[in-house]
Amino acid sequence: MSLYLGLDCSTQSATAIVLDAGRHDRPNVVFETSLQFDDALPEYGTQHGVLPSAERGVAASSPLLWADGLDAVLARVASSGIDLHRLKAIAGSAQQHGSVYLNASAQACLSRLDPQHAPGAQLASALARARSPIWMDSSTSEECREITDAVGGQAILAQRTGSRAFERFTGPQIRKFYKRDAAAYAATDRIHLVSSYLASLLVGGDAPVDPGDGSGMNLMDLASASWWPEALDATAPGLAAKLPSIAPAWTVVGRLSLYWQRRHQLTPARVVVWSGDNPCSAIGTGLVRENATAISLGTSDTIFGLMEQPRGDSVAGHVFGAPTGAFMGLTCFANGSLARERIRDQFGLTWSGFSEALRSTPPGNDGRMLLPWFVPEITPLVLEPQVRRYALASDDGPGHVRAVVEAQMLAMVIHSSWMGLDVRAIHATGGASENTEILRVMADVFGAEVRRFDISNSAALGAAMRAWHADALADGEALAWEVVSATLRPMLRTRVEPDPAAHNLYRDRARVYAEREAAALR
Ligand code: ADP
Ligand code: XUL
């Protein structure tokens, strides 16, 4: 049996999962560890993984923090006591859309890293931009308009790249950087996604992006998985030379560099192309065909499902590449865990108090409702945070708890219908999927069975499963995705069945919610 390491660099945390898998026995997770950036690396000064900023709509983090986060989880893997001689391949997952700007000295810097020291400080001189814009940024509406106009409208952009222009997408972010700081843009040699940056770090070279994460940029032609020249021209001059290549998600980029081998006594394992957290989560929740829908309740909430071919009105959401080589539809909500935390903290609750509030209030919340835009919202686009309450007293804690969760689930039903997904079964993942009461609201709102697995970090697990799949392929042995996804079968932990009466009631609440949302947006 061989070991496969899956890494995840998300908004708030870094995670490593080691999968023991091979040709015969049942694959098994033998190690899992997570660290919160704010706690583990306080010197970077992040809050929930984000650097403080006074500028409206701006959200950024530090690429050096991500490097040191990677180093810290690898240190834990190295001291886990598992037999790492059997480590054959590593793949990774990262928060999507964020971008890292390297200068011309980066390649030399990466190949000269000193294993006596953590990577962060050593990489500072390789950056053309100290702060990386991340997916929570909503400051590029102007650039979105400019790019949309230049390519001939949002329908064309959505059809070619899988999405209309979105503020957080990498293309509009690159354009803003170019407009604001043309000299720093000119000094940028390579613009990586968080995923391809960390893969580059592992091999000490220059790693490609995969079509899954590449499709979150408004720059890639989805059908051919290649850069779309019109979009590049619309974004910034000379961009083609600054972007990495695009390679299938199962590509082996290289071997773990000497830096990491020496620093953590690791083998020269194969390093597989990294992807975005949502594409990796598709694999880690067992979505390898159009057989189910997944909902991730992480910092963002996302709903997604596989598509054999792109379909639906992608002006409404996104069609990304999937790690299987197919496609996936996705809708993303910025007011996920942080909105739930806002209500939890406002009423001085713990998560168990939050759950108790859900238990003590009825489906439909006796008509109490809110629109949950505590921070700028992606779906629907709400740039100025606003929270609207209906029949909800300001001191009604339990009412607020149910109202925020119901609002999130109703918004998901409404804004995912464009995908035409089969939602008979929902595979729930992400930190908040630990909360069974939240899953009960999900099951009732969707009228679908909700399944939860032992591992709630499906992005890291999916990365480990991708490493296994790619390693087998590199050895000349095609491993069916069904074999890979069967890893999850013994991990099924919980099934939450919908209540038909509650589901009926929520159909009506969805209509009311949609009307209130439309009124608020007018
Ligand atoms: P990300 O990968 O985006 O960093 P995670 O998937 O790790 O986020 O989820 C982290 C979030 O999970 C926390 O911000 C917290 O709000 C939420 N969370 C953790 N436990 C619970 C719980 N029992 N109930 C609700 N939410 C929870
Ligand atoms: C997806 C999105 C977020 C990030 C952070 O489009 O913006 O889900 O990937 O997890």
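The values are calculated or read from the model by the stated rules, or taken from the named source; none is laboratory data. Here the structure is a predicted model, which means the values were calculated and not measured. Note: ideal-geometry Cβ built from the backbone for every residue, glycine included; neighbour counts use all protein chains shown.
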Subset of segment 1-42 (residues that are of a type in the set (Val, Ile, Thr) and either under 17 Å from residue 486 (Cβ atoms) or away from ligand 2 (no atom under 16 Å from the Cβ) (or both)): 17, 18, 29, 30, 33
Residue list for segment 433-454, restricted to those being among the small types (Gly, Ala, Ser) and closer than 26 Å to residue 30 by Cβ: 433
Lone unmet requirement of (1) within 19 Å of residue 363 (Cβ to Cβ); (2) surrounded by 14 or more Cβ atoms within 10 Å (Cβ to Cβ) for residue 501: (2)
Number of the condition not met by residue 90 [criteria: (1) among the β-branched types (Val, Ile, Thr); (2) assigned to a strand (DSSP E or B); (3) surrounded by fewer than 21 Cβ atoms within 10 Å (Cβ to Cβ)]: (3)
Residue 248 vs. criteria more than 16 Å from ligand 1 (Cβ to nearest atom) and either surrounded by 19 or more Cβ atoms within 10 Å (Cβ to Cβ) or of a type outside the set (A, V, I, L, M) (or both): yes
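Go through segment 334-349 and give me each residue that's touching a His at 6+ places or on another chain (Cβ under 8 Å) and either crowded, with 24+ Cβ neighbours inside 10 Å or modelled with pLDDT of 95 or more (or both).
Matches in segment 334-349: 343, 346, 347.
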Counted residues, segment 94-148 - those being within 21 Å of residue 61 (Cα to Cα), outside any loop (DSSP other than H, G, I, E, B) and hydroxyl-bearing (Ser, Thr, Tyr): 5
Some residue of segment 470-480 being within 16 Å of ligand 1 (Cβ to nearest atom), more than 19 Å from residue 16 (Cβ to Cβ) and either touching a Phe, Trp or Tyr at 6+ places or on another chain (Cβ under 8 Å) or not in a loop (DSSP other than H, G, I, E, B) (or both): no
Set 395, 366: member being without any contact (Cβ under 8 Å) to a residue 40 or more places away in the chain and either within 16 Å of ligand 2 (Cβ to nearest atom) or not in a loop (DSSP other than H, G, I, E, B) (or both): 366
Tally of residues being under 28 Å from residue 267 (Cα atoms) and either part of a strand (DSSP E or B) or modelled with pLDDT under 95 (or both) across segment 28-58: 9
Test: residue 239 is crowded, with 21+ Cβ neighbours inside 10 Å, aliphatic (A, V, I, L, M) and under 24 Å from residue 476 (Cβ atoms): no
Subset of segment 64-120 (residues that are touching a helix residue (DSSP H, G or I) at 6+ places or on another chain (Cβ under 8 Å), over 23 Å from residue 18 (Cβ atoms) and among the basic types (Lys, Arg)): none
Those residues of segment 154-175 which are part of a helix (DSSP H, G or I) and in contact with a Cys (Cβ under 7 Å, 6 or more places away or on another chain), in sequence order: 172
